[in-house]
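Okay, so here's the structure we're looking at.
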């Protein structure tokens with residue numbers, strides 16, 4: 001295995017494709033020199049390898065290809081592995097001009113399955129369902145299990161509701177998964193037609209909500225009526241953090257973050273974590289994931305975001321930025337044209 005990694009490294013050097021730094025907002029080629037197509041990224045580490053899942057926008061908007069997966073040993077250089085979940089693997093309603101987005105994957109140690117959750121929708125965004133798929137390997141192929149809205153709760157439905165939340169449950173759109181230290185898994189998602197964020201504990205298999213669903217015990221309404229999406233949860237020093245964006249379509253907006261002592265809340269709004277030029281648009285990007293910086297001191301994280309290009313979605317870029325949480329517990333994001341993981345060995349300025 002060591003020889004194989006060495007020769008891969010040598011091949012990348014000779015081909016001029018080896019990367020040793022992050023360049024936010026620039027084209028990010030894979031090990032074959034092709035732009036990475038894995039938007040709305042979700043990262044999973046398994047047995048020393050990172051896997052990056054995301055939407056393949058090569059053919060433009062909607063679900064025309066599926067969810068791709070890349071692998072890496074260093075976070076800089078990514079090899080395209082496969083289309084982990086092909087468009088044909090989900091119901092026809094969600095193919096082609098349908099939606100399959102924000103895919104995230106957890107590994108279930110008990111079942112030894114890789115479990116993928118995603119937002120599935122029709123073109124008019126009225127279906128707003130959670131899709132679930134499983135695989136025996138991190139690169140797939142993932143087998144589609146089904147789709148549903150996880151929680152049915154009367155929050156005061158509007159009289160005219162094109163999403164039919166009274167019958168189907170609260171809408172499920174931008175989402176993320178979180179695995180807690182005790183092995184319990186949760187899904188965060190924009191619900192109530194994006195007005196309120198939900199956090200829901202998953203069952204032992206990670207394939208659905210823990211049932212019966214009990215408000216305040218197995219799930220919670222958080223950021224109520226704040227109209228937030230693109231949730232990126234993480235944990236530090238026993239506290240839970242959640243970075244989100246506003247709801248302005250493809251246009252970037254001001255990020256926000258909240259902190260809680262319990263994953264079900266209450267959550268306290270801490271304001272915008274971004275500082276400096278273009279902070280008001282989160283550096284022209286939208287949150288998708290927060291990754292603990294590997295091998296670095298506690299409190300070291302990487303913020304992952306998408307810089308959408310709605311006129312040419314295949315050319316949407318990735319914005320990865322470092323941040324460190326100190327004793328004050330604050331999250332502060334600053335722009336960097338270039339950086340590498342050694343930044344965490346220095347004092348972030």
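Values quoted throughout were computed directly from the atomic coordinates according to the rules given, and no laboratory measurement underlies them. Keep in mind the model is a prediction, meaning the values are calculated, not measured. Glycine gets a Cβ as well: all are built from the backbone with ideal geometry, and neighbour counts include every protein chain shown.
Structural remarks
- Note on the chain: helix-only mean residue ellipticity at 222 nm, from DSSP H runs of 4+ residues weighted -39500 (n - 2.57) and normalised by residue number, equals -1500 deg cm²/dmol.
- Shown for 229, 88, 205, 55: other C-beta atoms within 10 Å of each C-beta, ranked fewest to most, produce the order 88, 205, 229, 55.
- GNM top mover of 255, 279, 38 - the chain, alpha-carbon springs below 10 Å: 279
- The chain: angle of helix 2-15 to the longest principal axis, Cα-based, in degrees nearest 10: 80
- Computed over the Cα atoms of segment 56-159, pair by distinct pair, the Kirkwood hydrodynamic radius stands at 14.8 angstrom.
- Most mobile listed residue (24, 150, 35) in the chain, GNM with C-alpha springs under 10 Å: 35
- Each label point was placed 7 Å from the Cα along the Cα-to-Cβ direction; for residue 348 and residue 136 their separation is 4.1 nm.
- Relative contact order [Cα under 8 Å, 6+ residues apart], segment 285-349, whole percent: 26
- Per-pair calculated FRET efficiency, R0 = 25 Å: residue 217 and residue 49 via Cβ, rounded to 0.05: 0.10
- Per-residue Cβ neighbour rank within 10 angstrom, fewest leading, 127, 81, 92, 26: 92, 26, 81, 127
- Neighbour counts of C-beta atoms inside 10 Å place 247, 100 in the sequence 247, 100, starting with the fewest.
- Our note on the geometry: Cα centres of segment 272-349 and segment 15-73, 17 Å apart.
- Label-to-label distance, residue 145 versus residue 167, with points set 7 angstrom from Cα along the beta-carbon direction: 2.6 nm.
- Over segment 12-61, volume per residue of the alpha carbon convex hull, in Å³: 109
- For segment 16-55, backbone nitrogen atoms closer than 16 Å to the point 7 Å from residue 337 Cα along Cα-to-C-beta are found at 21-27.
- Two-site FRET efficiency, residue 34 against residue 254, from Cβ-Cβ distance with R₀ of 45 Å, rounded to 0.05: 0.85
- Within a Gaussian network of the chain (alpha carbon springs, distance under 10 Å), most fluctuating of 224, 90, 200: 224
- At q = 0.07, 0.10, 0.12 Å⁻¹ the log10 of I(q)/I(0) for the chain amounts to -0.27, -0.57, -0.84, computed by Debye summation with a single uniform scatterer per C-alpha, solvent ignored.
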